[in-house]
1. Taking the Cα centre of each part, how many Å lie between the stretch C:384-413 and the stretch B:563-616?
2. So, in nm, how far is label C:Ile279 from label A:Asn54 when the simple model puts each one 7 Å beyond its Cα toward the Cβ?
3. Just counting partner chain Cβ atoms within 10 Å, what average do the residues of peptide C:286-294 show around their Cβ?
4. Sequence gap at least 6, Cα distance under 8 Å: using those rules, report the relative contact order of chain B to the nearest whole percent.
5. Tell me, in nm to one decimal, what length is gained between B:Gln621 and B:Met515 on full extension, where the rule is 0.36 nm per residue of separation less the Cα-Cα distance?
6. In whole Å, how far is the Cα centre of the stretch B:233-267 from that of the stretch B:83-102?
7. How do C:Cys36, B:Cys293 line up, fewest other C-beta atoms within 10 Å first?
8. Rounded, prolate or oblate: which one fits the stretch C:194-253, using the alpha carbon gyration tensor with axes a ≥ b ≥ c (rounded when a/c is under 1.5, else prolate when a/b beats b/c, else oblate)?
Amino acid sequence: MTVHAFLLLAAALFALGLFGALTKRNTVIVLICIELMLNAVNLNLVAFSKFGVNPAITGQIFSLFSITVAAAEAAVGLAILIALYRNKATVQVEDMNEMKG
Amino acid sequence: MTQIAWIIPFFPLMTFLLCFIFQKREWHHLCSRVGIMTTGLALIGSITVLIGQMIFGNSEAVISWLSIGDTVFSIGYIVNPLNALMLVIVSLVSFLVHIYSKGYMAGEERLGTFYAYLGFFTFAMLALVLSPNLLQLYMFWELVGLGSFLLIGFYFHKAEARAAAKKAFLMTRVGDVGLLIGMILVFWQVGSLEFSAIFQAVSGGDMDSGMVTLVALLIFIGAVGKSGQFPLHSWLPDAMEGPTPVSALIHAATMVAAGVYLVATLFPLFEASDTAMLVVAITGAFTAIFAACIAIVQTDIKRVLAYSTVSQLGYMMLALGSAGYVAGVFHLTTHAFFKALLFLAAGSVIHAAHTQLIGEMGGLWKRMKGTGWLFLIGTLAIAGMPLFSGFFSKEEVLLAVWKEEHYVLFTLGLITAFLTAFYMFRLFFLVFMSKKIIPYKRRKKIFESPRVMILPMVVLALLAVGAGYIHTGWFGPFLGEWLASGNEYITLHPHEGAGWLMAVTTLLTFLGIWMAYLMYQKEKLDRNYLSEAFPGVYEAVLNGFFVDVLYQRTVVFATKCLGIVGTWVERYVIQGILHFIEDITILVTKLASKLQNGQVQTYGAMVGVGLVVLLLIGLMQGRFF
Amino acid sequence: MGWLTLLVFSPIVGIVLLLLVPSTQAKLQKRIAVICSILPLIMSIIVYQQFHSGADLSIRVPWISFGQYPFSFFVEYELGVSGFSLVLLLLTAVLMIVSMVTATMQIKKGWKQYALLTLLLEIGILGVFASQNLILFFIFFELTLVPMFLLIGKWGGMEKERAAYSYLLYNGIGSAILLIVIIVLFANVGSTNYEAIANASLSTELSMGLLISLLIAFGVKLPIVPLHTWMVRVHVQAPPALVMIHAGVLLKIGAYGLMQFGIGFFPASFQDIAPVVAILGLVNLLYGACIAFVQKELRSLFAYSSISHMGIVLLGIAAMNEAGLQGAMFQTISHGLIAALVFFLIGVVKEKTETTYITRLGGLSRTMPLTAGVLLAVGLASLGLPGMSGFVSEFMTFLGIFESMPVIAAIGTIGIILTAAYILRAVMDITFGKEVLAQQGIADLQGKEWIPVSIMLGLILLIGVFPTSLTHSIQTSVEAIVLRIGG
C-alpha cells in the first residue's frame, strides 16, 4: 500500500463532501457532508503519520482530536438546526437567506 | 526735497480709509473736509517735489516687493521732469475737483463713499505716476481702472451707469492684457522691469528690433485701452454716466491721459521702432478725426466733451508718434486744464439746468454769467484761439507732425483742428447763446452755481489761459528744455516756430468758429442740411459709427455662444460619458450583488472556485509567492 | 513626539471634549468646537516659527515591518514640512477655524456629529500635508474621504446623496490609482519615503506611466477638465461651511500632490509632458471661464470659477521654472482664501434670502450693503486686481509660462479677460442689479459674521500687498523643486 491510495480515497471523499455541502437542499445532509470532508482530512492525517517524511504518532493523535471537535461541531450544528426548525418549520437551506446583502 | 515723493500718494489713501470707515450721514461734512485737506497736502507735496526736481534733479528709491529666485521686483518712486509735472497736474486737478464736489454733490446720500472713491482714485493715480518700473505702473494702472469703475458706477441704480462701469472695466482690461504681455516679454528680454534697465537694453541694442516693435505695440494696446483710442474708445463716452466732477478728474485730465503718459514714459522704447511709432501716430490721427466727427452731432453736453477728449488724446498720441515728445506732454498738460475746466463748467450747467441734453438748454448766458465766461475761456482754449494755451500746444503738435513729414496725418490734424473749433462753438452757442428760450417756469429755477464750485473753475481758467506760455516760440521753450534735461534718452528738437503754420491754424480756428456762429447763432446756414441729405451717414455718426453694435454682435455674442456651447458640452458630452461609465459600474455591481444572495452554499462555491483559480495560477507560475 | 505630531493630532482634543459633552448642550458644544479648532492654529504657528528659525522638525519612527530577508519592507512614521506644505498647514488651520465659526451659525441639525466629523477631516488634511511617507500620506488621504462623504451626505442640499456618492466614486477611483502607484513604487524602490523615491532611478517608461497615473489621480482632486463634474456637484450641494474647507484646502491636495510627487519624483518625465499639462491648464482656464459666464446659480458659477483658477495652477506647474512654480503655489494659497470667502458669503446670502440664483438676488447693495461690498471686493480679488492676492499669482504664473511656452501663455491671457467678464457680470447683477430682492428686514453682516470676513479678507490683502510674507516660505520649496528639474 502506498500513500497514494489513501490520498486518492481522501480526495474522493473530500470532493463528495464538498459537492454535497454546496448543493444539497437539506441542512441535515449538508452537515453530514461536512462530516464527510472532515473525515477525509482525518484520513490524510493518519496516512501521513504512517507514510509521511517523518512518521510519528502525532498525526494520529491529532486526528483523534479532530474527530472530537467534529463531534462537538455536529452537536452544535444540529442544536442550531433544531432551534431554526422550531422557528421556521423548515430545514431547507434556501429558506435561510436572511444574511442577504 | 524730492525724497518726500513717496508720501504723496498716502494722503489721498487716508481719505479713502477715513471716509470709508466714517461713511455715515452725520460724518458727511467731515468727509469733504478730509478729502480737500489730504489732496491739498498732496498738492503741496507735489509742488515741493516739482521745485525740488528743478533744483536738485532726478531721484529714485526702491524697496524689494517680490522676489522670484534671484530676480527682485521692487516698488518705490522715481522723480523726473515728466512725472513731477504729472504729479502736479494730478494733484491739482484732484484738489480742485474735491472742492468742486463739495458743492456739486451736496445732499448726496452716499457722499462718504464718493469721497472715499475719489481718494482711492487719486491715490492710485499718484502712485502710478511715481512708478519707477513697469510692474508698479501696471498694478496702479489696474487700480486707477478700479477707481474709474467704481466712480462711473456710482449711481448704480441707473442701469446705464452699471453697464457703462462694466464696459469701461472690461474694455480697458483688454488693453491691460496687452500691456501685461508686453511687460512680461520685456522682462524675459531685459531681465528687469525698471525703466532705466529697459532703456539701457534698448539703446544698447540688447533687444532685437522685431522684439522691440512687438513689445512697443503690445504696450501701446494698453495705452489704447486706457486713453480711449480707436478701436477701444467706446467706453469713454459711456463713462459719462458717472458724476460730472469724476468725468473732469478721471475721464478728462488724469486717468485717460495715463495712456499718453505711458507712451511718453517709455518713449525711448517706442522711438527705437519705426513701425511702432508709425502705428502710434496713425492711431492717434485717426482717433482724433474720427472722434471729432462724432462729436459734431452728439446731443448730450457731456458726450460732446467726451468725444472731444478722445479726439484730443488722439492728438497727443499723434504728437508722440511723430517723435514730438515735448509736444505730446505739452498738449497733455494744457488739455488737462482746459478740459477739466470745460467739464466742471458743464457740470455747473447740468447742476443748474437739471438736464444734460443740449436741446433742452439755450440762452443760459443771462442766468449764469460766471459759468458762461468760464466755459467760453475753456472753449477758446480747446479751439486753439491765439494767446490761449491750446493754441500753443496744438501748434507744437502739428509742427512735430510736419517735421516728421507725415503729410497725410498732418492734414488730418488740421481738419481736426477745424472740426474742434466748430463743434466746441456749436456746443457753446447752443447752450449759452441760442435764442431758443427755455420755458419761463424752468428758467426761473436756474441759478448760478455756488462759489465753492466757481472758485476751482477760476483757477483752472487761469491755467487754461496761462499754461501755454511755458513753451512758446516767443518766450522760449522752457518746458521742452526742462523735460529733456531730466531724461538722457530724449533728444530735443530745436524749436522753430513756423509762422505760416500759426497763420493756418488760426485761420482754421476762426473758420470753425465762424461756421458755428452762422449755423447755430444766426441760423443763416441750415444746420439740418447735411443730416437730411444723408440720413444713413448721420445715423452712423450719431451712433459712433456703430462700433458698439459691432462689439455687441461679435465679441460679446461669441463669448455667450462659447459659454452656451460649453454648457452643452458639459451637460451632454462630459456628463454623458460619465453617466455611461456610471451605468457600466452599476451594471457590474448589480451582477456581482446577485452572487450575494445570502446562501452559504453559493458563498462556499465561490470560495472553492477562487481557491482553484489561485491554485491554478500558482501551479502555472511555478511558485505561490 | 515633535511639534508636527502634536499639530496633526491636535484636533483629537476637540473630538474627546465634544464626546464628553451631552448632545443636548448645543451652546457649550459650539464653544468647545470653535475654541478647540484654534488649537491646530496655535500649533501650526509654533511649527512655522520653528521652521523659520531653522529647527529640524522631521520625525522618523519605525512603524510597520513585514516580510523576511530578501523581501523585507519597512514603513516608517515620518512627518516633515517643506515651505509649501507649511503654508498649506497654516491655511488649513485658519480655514478650519473660519469654517467652524460659520458652521455654528449655519448648521442647524446634528451639530455634534458635524463638528466631530469636521475635526476628523482636519486630522486627515493636516496629516496629508505633513507626512513624508507615501503610505502615511495615503492613510491620511483616505481619512479625508470618509468624513467628507458623510458630511456631504447628511448636511447637503436637495441632491445630497447623489453628490456624496459621486464624490466618493471619483475620489475612490483617484485614490485607487494613487494606491497602485504607491504599491509599484514600493515594490521598485523598497521604501515609500519621499526622498528615497525621489532619489531612486526608475526606467523612463515606468516613471512616465506612474506620472500619468499620478496626473489622473490628482487630476480628479484638482480637478482637471473633464474629471470635474463631481466637484461642481459637491460645490452646489454641500453646506457652504463645508465647501469653504473643500474649495479652500481639500482641492489643494491635488495641486500639492502634483508638485510634491509629480515634479518631485519624476522631474525628467514631467518635462516631457509639460506641454500636455499646459494645454490641460489652458482648457481648464478657458473652459471654466466660458461656462461660468452663462451660469445662473452662484454656487455653480464659483465652482466653474474654481476650475478656471486651477487652470492657472496647472499652467504655473507646466512652466517648470521658478516664476511659474512660485505662481502656482501662490495661486493655490490665494485661491484657497478667495474661494473660502466667496462660499462664506454665499452661505450668508443663502441663509438670509433663501436663494442663490443671480436673477433673484438683484439689488443686494440696497438690502445688504456690507455683504455686497465684501462680495465685490472678493470678486475683484478673484479677477486678479493688484493689491489682492490673485494678481501676484497670476503675474508670476504668466511670467513663468511666457518663458517656456509663449503661445499657450498668449492664449491663456484671454482667460484674464473672460474672468473679469464673468465675475463682473455676476457680482454686478447681484449687488447693483435690478432690485428684485424686495424683502425687508434682511440683516446685513453682523457680529460673529465679521470674524471670517475680516480674517480672510485681511489675509487676501496681506499677501496681495506684501507678497514676500508668503513667498519667503514657499521659496524654499520652489528652490528644491527647481534644483531637481535642473533649471
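Every read-out reported here was derived from the displayed coordinates using simple, explicitly stated rules and does not represent laboratory data. All values reported here derive from a predicted model rather than from experimental measurement. Positions of Cβ are generated from backbone atoms using ideal geometry, with glycine treated the same way; all protein chains shown enter the neighbour counts.
1. First find each Cα centre; the distance between them is then 43 Å.
2. 6.6
3. Mean shielding count: 6.
4. 12
5. 27.7 nm
6. So the two Cα centres are separated by 14 Å.
7. B:Cys293, C:Cys36
8. Note, shape of the stretch C:194-253 comes out oblate.
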